[in-house]
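What follows is a short report on a single structure.
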Amino acid sequence: MIEAPLERIDLPIDRIPDRWYNVLPDLPRAPDELLDPQTGEPLSEDYLVRLLPRALVAQERSLERWISIPDEVAGQYRVWRPTPLYRAHALERELGTPAEIYFKYEGASPSGSHKLNSALAQAYYAKQEGVQRLVTDTGAGQWGTALALAGALMGVEVVVYMVRASFHHKPSRRHLMETFDATVLPSPGISTEVGRSFLAEDPDHPGSEATAVSEALEVVRSDPEARFSMGAFANHVLLHQTVIGMEAREQLELVDRDPDYLIASVGCGSNMGGLALPWVTDKLNGRDLTILAAEPAACPTLTQGEYRWDFADATGSGPLSRTYTLGHEFVPPPIHAGGLRYHGAAPLAGLLRDEGLMDAVAYQQNEVFAAGKLFTRLTGFLPAPETAHALRAVIDVARECRERKRKATILFCYSGHGLLDLGAYGKFNSGELQDVETMAESLSDASSPVEVHA
């Protein structure tokens with residue numbers, strides 16, 4: 001008899017969380033406030049409400065532990081939430097590990113990833129406040145796709161600046177965003193002054209999420225009907241994602257398990273925050289719990305970056321934040337790492353790392369895709385490149401448990417499916433993917449510290 005590769009653990013439909021968990025009041029210290037690039041002072045209320053809907057400004061700074069999810073957002077969540085938790089029996093057997101491996105499957109959302117959890121909330125608040133359009137950046141397109149769908153569902157126009165390399169080499173998500181009626185533009189591009197300046201310096205500029213942020217901010221500043229939308233960086237984004245960890249916690253309780261390892265990929269930190277933040281107080285209270293971030297070796301923010309002040313965008317016109325960064329001028333190579341190519345971590349993720357609450361590991365893209373292909377062969381589920389980074393870390397931890405003969409519970413976030421990433425898998429299968437040997441030169445060029453005079 002062939003044993004099932006996966007075991008599904010579901011919550012009843014009425015167990016969707018009715019509030020988000022805000023970790024800020026439970027942390028040993030709060031992340032440093034964002035600073036105005038002109039004055040070096042904390043961002044004023046006027047600056048923030050010109051950038052974001054007022055409700056999100058309030059959530060960004062809130063010290064309330066629980067924030068209610070609006071009924072309209074919860075109603076949209078019910079289309080696919082609660083998402084299933086799976087135990088990966090086939091992977092355990094393949095690795096010969098005594099560890100139990102579980103994953104929270106966020107690929108079930110209509111946009112294909114966890115990103116819709118925050119996109120719906122942001123589009124809802126924008127609509128409630130009469131915002132006509134949301135402008136955003138996206139790397140490989142997971143976030144842009146989610147916001148495009150959320151805008152269509154909530155009735156808000158969406159403009160997406162997509163990293164130029166992805167815009168041209170990964171058209172599938174661009175086509176999906178356009179099908180949701182979003183306007184999708186390459187970054188850098190000719191529609192903004194800053195985009196034209198980047199192209200004047202380098203007509204073949206591949207773009208970065210930082211260049212896309214610069215262009216999006218320029219558009220928002222010139223359009224009083226527009227606001228900026230963030231897919232990962234801000235406190236309020238990680239807040240919205242905590243439905244992941246809260247559901248997973250209940251699902252593990254159904255099988256009488258507590259996690260020993262929480263693993264997720266990190267580009268900026270949204271799916272890691274969503275999974276791990278609901279367990280941070282456990283770790284602070286002395287529980288033996290490892291929170292592990294997996295990132296690309298070609299964009300090693302948490303493993304090789306510095307914890308310091310830096311700009312959120314490539315031109316230094318946006319807010320300053322204190323977090324782990326590779327430097328705002330850093331431009332990663334056009335690797336197949338999905339959205340894991342931003343130069344800085346979310347301030348909350350950087351704080352967890354700086355406080356010793358989170359560990360990090362970096363991987364080359366061939367070992368990442370090998371992990372993704374193994375998982376697909378064993379389960380039939382094709383992980384996005386972001387998810388495959390987490391899987392690579394899971395495999396290493398599970399093998400370590402085998403060597404130590406340690407029974408442990410590993411939980412990871414399956415942040416999105418890879419059905420629109422088959423071109424990258426095709427290159428891996430044919431041996432065309434090349435690992436980036438070193439980023440030392442790029443890091444050196446982009447890592448000059450930003451002086452803050454407050």
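The values are calculated or read from the model by the stated rules, or taken from the named source; none is laboratory data. In this text, all values refer to a predicted model and were calculated from it rather than measured experimentally. In this analysis, Cβ positions are derived from the backbone assuming ideal geometry, glycine residues included, and neighbour counts consider all displayed protein chains.
Quick check: anything in segment 12-23 outside any loop (DSSP other than H, G, I, E, B), closer than 25 Å to residue 280 by Cα and of a type outside the set (Lys, Arg)? Reasoning before the result, please.
Of segment 12-23, the ones outside any loop (DSSP other than H, G, I, E, B) are 13-15, 19-21.
With closer than 25 Å to residue 280 by Cα added as a condition, the list becomes 15, 19-21.
The next check asks that each one be of a type outside the set (Lys, Arg); those that pass are 20-21.
Within segment 12-23, one or more residues are outside any loop (DSSP other than H, G, I, E, B), closer than 25 Å to residue 280 by Cα and of a type outside the set (Lys, Arg).
Of the residues that make up segment 424-432, is at least one touching a helix residue (DSSP H, G or I) at 6+ places or on another chain (Cβ under 8 Å), over 20 Å from residue 271 (Cβ atoms) and touching a residue at least 60 places away in the same chain (Cβ under 8 Å)?
yes
Give the number of residues within segment 9-31 that are modelled with pLDDT under 95 and charged (D, E, K, R).
Adding up the residues that qualify gives 3.
Check 93, 29 and return the single one that is assigned to a loop (DSSP other than H, G, I, E, B), over 22 Å from the mean Cα position of the chain (by Cα), surrounded by fewer than 20 Cβ atoms within 10 Å (Cβ to Cβ) and among the basic types (Lys, Arg).
Exactly one of 93, 29 is assigned to a loop (DSSP other than H, G, I, E, B), over 22 Å from the mean Cα position of the chain (by Cα), surrounded by fewer than 20 Cβ atoms within 10 Å (Cβ to Cβ) and among the basic types (Lys, Arg), namely 29.
Conditions first: (1) in contact with a strand residue (DSSP E or B) (Cβ under 6 Å, 6 or more places away or on another chain); (2) surrounded by fewer than 21 Cβ atoms within 10 Å (Cβ to Cβ); (3) among the hydroxyl-bearing types (Ser, Thr, Tyr). Residue 172 passes all but one, so which condition is the exception?
(1)
If I filter segment 213-272 down to residues being of a type in the set (Lys, Arg) and closer than 17 Å to residue 57 by Cβ, which single residue comes out as nearest to the chain's Cα centre (by Cα)? Write out each step before concluding.
Applying the first criterion (of a type in the set (Lys, Arg)) to segment 213-272 yields 221, 227, 249, 257.
Imposing the further condition that a residue be closer than 17 Å to residue 57 by Cβ reduces the set to 221, 227.
Values: 221: 25, 227: 20 Å.
Going through the qualifying residues, I end up with 227.
If you take the residues in segment 180-194 that are under 23 Å from the mean Cα position of the chain (by Cα) and of a type in the set (Val, Ile, Thr), which one is surrounded by the most Cβ atoms within 10 Å (Cβ to Cβ)?
Residue satisfying both the conditions and the ranking: 184.
Hey, among 281, 323, which residue is of a type in the set (Ser, Thr, Tyr), buried (at least 23 other Cβ atoms within 10 Å of the Cβ) and in contact with a helix residue (DSSP H, G or I) (Cβ under 9 Å, 6 or more places away or on another chain)?
None of the other options fit; the residue is 323.
Would you check if residue 356 is of a type outside the set (A, V, I, L, M) and surrounded by 20 or more Cβ atoms within 10 Å (Cβ to Cβ)?
No: the conditions fail for residue 356.
Within segment 55-86, how many residues are part of a loop (DSSP other than H, G, I, E, B), charged (D, E, K, R) and over 23 Å from residue 152 (Cα atoms)? Full working, then the answer.
Step one: filter segment 55-86 for residues part of a loop (DSSP other than H, G, I, E, B), giving 62-65, 69-70, 78-84.
Subsequent filtering for residues that are charged (D, E, K, R) retains 64-65, 78, 81.
With over 23 Å from residue 152 (Cα atoms) added as a condition, the list becomes 64-65.
Of the residues in that region, 2 qualify.
If a residue has to be among the hydroxyl-bearing types (Ser, Thr, Tyr) and closer than 14 Å to residue 215 by Cβ to count, how many in segment 165-202 make the cut?
Adding up the residues that qualify gives 5.
So which of 141, 151 is buried (at least 23 other Cβ atoms within 10 Å of the Cβ) and farther than 26 Å from residue 48 by Cβ?
So the residue among 141, 151 that is buried (at least 23 other Cβ atoms within 10 Å of the Cβ) and farther than 26 Å from residue 48 by Cβ is 141.
Filter segment 200-220 for residues that are in contact (Cβ under 8 Å) with a residue 12 or more places away in the chain and either of a type in the set (D, E, K, R) or over 19 Å from residue 332 (Cβ atoms) (or both); which is surrounded by the most Cβ atoms within 10 Å (Cβ to Cβ)?
Residue satisfying both the conditions and the ranking: 209.
What is the number of the single condition among (1) of a type in the set (Gly, Ala, Ser); (2) surrounded by fewer than 24 Cβ atoms within 10 Å (Cβ to Cβ); (3) closer than 26 Å to residue 102 by Cβ that residue 197 does not meet?
In the conditions (1) of a type in the set (Gly, Ala, Ser); (2) surrounded by fewer than 24 Cβ atoms within 10 Å (Cβ to Cβ); (3) closer than 26 Å to residue 102 by Cβ, residue 197 misses (3) alone.
Condition test on residue 377, is it under 20 Å from residue 429 (Cα atoms) and either surrounded by fewer than 17 Cβ atoms within 10 Å (Cβ to Cβ) or touching an Asp or Glu at 6+ places or on another chain (Cβ under 6 Å) (or both)?
Yes; evaluated as a whole, the condition is true for this residue.
Please work out if residue 386 is crowded, with 21+ Cβ neighbours inside 10 Å and on the phi < 0 side of the Ramachandran plot.
yes
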